[in-house]
Amino acid sequence: MQCSNCGHELRPDTRFCTKCGALAPSAPATTAPVPPAQPTSTFGAQPRQSYQGSQMGQPRKSGCGKVLLVLAIIGGLGLAGGGIAGYYAYKYANKKLKSSEAYMVAINALKENPEAMQKLGEIKETGFPLGSFHEDANGTGAAAYKVSVTGTKTTGDYVVVLTRRQTKWSLVTAKLTLANGEVINIKTPDVDVFNGNMPGADNDNIEPPPPPPPTGKIKPGTTISGGILNGKAISKPDPEYPAIAKAAHASGTVTVQVTLDETGKVVSAHAVSGHPLLQQAAVKAAYQARFTPMLLAGQPVKVTGIITYNFVAQ
């Protein structure tokens with residue numbers, strides 16, 4: 001560096017010229033060298049994205065929706081399977097009932113009635129029979145049901161009551177109610193079925209008990225007659241009043257023959273008289289009854305007898 005006044009050579013850190021005393025010129029500012037940028041390597045990793053912006057504000061996706069969808073599909077398949085099973089069960093029951101002797105007896109009586117055929121027309125279709133139906137091993141039984149009937153001229157509801165004696169079904173009463181409200185009596189009872197006076201429903205159906213054994217030791221399984229057992233009952237629940245009997249205003253007394261074991265429990269029961277719409281409910285109630293054990297020569301024995309149930313129209 002030289003003095004700008006006299007040209008004397010000066011050291012870089014001199015502020016005044018040592019020869020003429022003039023102010024030495026300022027030394028030029030130096031800038032520190034910038035080191036070269038070092039290359040960076042990600043080793044194959046993707047650069048990390050910032051959580052700011054769109055990702056920070058977006059909701060997190062949940063798998064709950066998929067679970068609900070799977071459950072909905074499973075539930076739908078279950079309902080579909082149940083519906084198919086119910087449909088085939090209905091078809092089977094409908095076919096079985098309509099092929100029964102009781103059903104054929106009732107339908108034939110309707111077809112053979114001139115007044116019904118004139119106003120109803122040819123029968124095109126019948127609905128599902130709604131009511132009760134049972135056959136007992138001893139050749140008895142009862143049926144009472146309501147079925148819709150579609151004819152070529154009009155429609156109607158057919159209500160029938162049948163009884164089974166000695167394995168043969170017979171029509172007790174039947175009536176057809178047309179869509180306009182007109183009632184046609186297909187079969188009227190020859191006797192008062194509401195008071196239990198039905199053909200074959202007398203005491204002849206009650207099997208006589210065996211004669212009492214001789215005095216002395218009682219044989220195991222001995223059965224004696226107990227007559228009317230209502231007063232000997234420890235527990236005698238009231239029977240239910242069936243809905244179809246309520247709709248038909250059925251009432252009266254139902255007689256049930258029962259057999260009791262040595263403990264007083266009902267082991268067999270069947271109705272021998274009474275309105276067919278009420279017999280099944282009476283038999284069901286009889287099985288729930290309990291009686292005082294009957295003793296013969298100090299030993300418990302089986303007993304046969306009858307229980308009566310009174311139904312009042314509701």
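Determine the sum of side-chain charges near residue 161: Lys and Arg each +1, Asp and Glu each -1, restricted to other residues whose C-beta is under 11 angstrom from that of residue 161. All intermediate terms of the calculation are to be shown ahead of the outcome.
Details: positive: 146, 175, 187; negative: none.
Taking every other residue near residue 161 into account, the sum is +3.
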Taking 104, 117 and ranking on accessible area (1.4 Å, protein atoms only), highest first, one gets 104, 117
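The values are calculated or read from the model by the stated rules, or taken from the named source; none is laboratory data. These numbers come from a predicted model, not from an experiment. Because the Cβ atoms are built from the backbone with ideal geometry, glycine has one as well, and the counts that use them run over all protein chains shown. For accessibility, only protein heavy atoms count, side chains too; no ligands or nucleic acids. Shrake-Rupley method; radii C 1.70, N 1.55, O 1.52, S 1.80 Å.
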